[in-house]
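Data first, discussion second: the structure below is written as structure tokens.
The values are calculated or read from the model by the stated rules, or taken from the named source; none is laboratory data. Everything numeric here is computed off the predicted structure, so don't read it as measured data. All Cβ positions, glycine included, derive from the backbone under ideal geometry; neighbour counts span all protein chains shown. When the accessible area is computed, the model is the full protein with side chains, heavy atoms only, and any ligands, DNA or RNA have been set aside. Shrake-Rupley method; radii C 1.70, N 1.55, O 1.52, S 1.80 Å.
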Amino acid sequence: MRERPGTSNTPGATRSSGHRAPNPYSREICTVRRPTRPDGPRAHHGRVRLEAITWDRLGDLLAERLLELKTADGGPWPRVALDGAPAARPGDLAERVAEALRIRGRPSLVVGTEGFLRPASVRLEYGHRDLESYYGGWYDTGALWREVFGPLEPGGSGRVLPDLWDPVTDRATRSPYVPLPPGGVLLLHGPLLLRHWFPFDLSVHVLLSPGALRRRTAEAEHWTLPAFECYEQETDPAGTADVLVRADDPRHPAWRG
């Protein structure tokens, strides 16, 4: 598998060989600072008209769109991102879309990035609350390229590994490969997806306002919130995603797409 920009198959390869003291509460993890402007990431989704919708209807509409989706590389497997913080529950939307596709006779495979966390010895090398590690090193992007995206390239086998590592047992899952037939849709869900060079053919971002994100994130996980502020500054997922879903009130989502 060829190496992509900013990825490596070697755990911790992005770290220097020197030691640094853990700074678990540091907010200085952004390498790019977007200028503040009236239509910037904090405000632009408020100026775009969002239409009220139900989750079931949203799943149906996304499934209908995917039936007609052409891949950018001409391959037979559309690849879809369902991006959002854990509190936004993008995996729930992925499952809804998968069910809507099943009813329409289209196979799909739901894969969560939590199944591709790095081993604890690598992920937590600099402490349990190290923001830099969380933002750039918790997820094994090299394994995602190798085991999920690689098999779905033109001429690929279509055999996808649905997960690699169990963060609870801190052991390999040993899950079997899953064959995705031509025309089958990959539905990859997880946080911070759009900051990588993953070859998505459609991207969906489930948005929470800063206040809603804080309210719906467990207090023990509040230390991760600056990573999502940084993600907004660097990547602007609400502005760059093909489909935007606002879910501040999980009972009443709204979208544009």
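Structure values in brief
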quantity: Amide H within-cut-off set for LEU180, under 5 Å, with H built and near neighbours excluded; calculated: ARG159, VAL160
quantity: Inter-centroid distance (Cα atoms) of segment 218-257 relative to segment 138-196, Å; calculated: 23 Å
quantity: For LEU192, residues with placed amide H under 5 Å, excluding near neighbours; calculated: GLY84
quantity: With every protein chain in place, segment 105-243: carbon and sulfur % of accessible area (1.4 Å); calculated: 51 percent
quantity: Average accessible surface area per residue within segment 133-257, 1.4 Å rolling probe, Å²; calculated: 42 Å²
quantity: Apportionment of accessible area to carbon and sulfur, segment 53-96, percent (1.4 Å); calculated: 48 percent
quantity: Percent RCO, i.e. relative contact order, over segment 77-232, from Cα pairs under 8 Å lying at least 6 residues apart; calculated: 42 percent
quantity: Formal net charge of residues neighbouring PRO237 (Cβ-Cβ distance under 10 Å; K, R +1; D, E -1); calculated: -3
quantity: SER175/GLU68 FRET efficiency (R0 35 Å; Cβ-Cβ; nearest 0.05); calculated: 0.65
quantity: Relative packing of 133-145, 177-189, which averages over residues the other C-beta atoms within 10 Å, highest first; calculated: 133-145, 177-189
quantity: Cβ crowding within 10 Å averaged over residues, with 147-157, 229-239 ranked highest first; calculated: 229-239, 147-157
quantity: Distance in nm between pseudo-label sites at THR240 and TRP223 (7 Å out along the Cβ direction from Cα); calculated: 2.8 nm
quantity: Phi to ³J(HN,Hα) by Karplus 6.51 cos²θ - 1.76 cosθ + 1.60 over segment 111-122, Hz, x for Gly, Pro; calculated: 10, x, 5, 5, x, 10, 5, 6, x, 4, 4, 8
